[in-house]
Amino acid sequence: MKSEISKSEFKAKALEVLRAVEDTGQPVLITDRGVPTVEVRPYRGQQRDAKQILKGSVLAFEKPEEPTGERWEALD
């Protein structure tokens, strides 16, 4: 199954696309005149661990021990 499909093609093959997403777990992007509009992806009912969600999101972490120069205030 393609990872991208037009709205008109999706309309004709909706059930096939949905089954492919269920079977493979891979999302499909639906486009309108070449512009991405909707993503169909498998439902994930379980809450993922915050570490897993953030994994790979930090690109660089230089000098973590140095102060930021910003003043923080305690919340009441």
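The values are calculated or read from the model by the stated rules, or taken from the named source; none is laboratory data. What you see is a predicted model; the values in this text were computed from it and never measured. As a convention, Cβ positions derive from the backbone with ideal geometry for all residues, glycine included, and neighbour counts pool all protein chains shown. Note: accessible area is taken over every heavy atom of the protein model, side chains too, but ligands, DNA and RNA are not part of it. Shrake-Rupley method; radii C 1.70, N 1.55, O 1.52, S 1.80 Å.
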*Which value at 222 nm does the chain reach when only helices count, each DSSP H run of 4 or more adding -39,500 (n - 2.57), with the total divided by all residues and rounded to the nearest 500 deg cm²/dmol?*
-9500 deg cm²/dmol
*What FRET efficiency would be calculated for the residue pair LEU59, ALA20, taking the C-beta separation as r and a Förster radius of 35 Å, to the nearest 0.05?*
0.60
*Please give every one of the aspartates and glutamates within straight-line cross-link reach of LYS2, meaning a C-alpha to C-alpha distance under 12 Å, and leave out same-chain neighbours fewer than 8 residues apart.*
GLU16
*Work out the length of the dipole vector of the chain about its Cα centre, built from +1 on the beta-carbon of each Lys and Arg and -1 on the beta-carbon of each Asp and Glu, and round it to the nearest 20 debye.*
540
*asked:* Could you tell me which residue out of SER8, PRO27, PRO64 lies farthest along the dipole of the chain toward its positive end? Charges go on the beta carbon: Lys and Arg +1, Asp and Glu -1, centred on the Cα centre.
replied: SER8
*By how many degrees, between 0 and 90 and to the nearest 10, does the Cα long axis of helix 7-24 differ from the longest principal axis of the chain?*
60
*For the chain, give the percent of accessible area contributed by carbon and sulfur heavy atoms, probe 1.4 Å, rounded to a whole number.*
50
*Just the accessible area per residue of the chain, please: how many Å² with a 1.4 Å probe?*
99
_Debye intensity ratio I(q)/I(0), log10, the chain, q values 0.22, 0.23, 0.26 Å⁻¹ (C-alpha model)_ = -1.04, -1.08, -1.16
_Quick check: net charge around ILE5, other residues with Cβ under 15 Å of its Cβ, Lys/Arg +1 and Asp/Glu -1?_
+2
*Mind checking the dipole of segment 1-42: about its Cα centre, +1 per Lys or Arg Cβ, -1 per Asp or Glu Cβ, Debye to the nearest 20?*
120
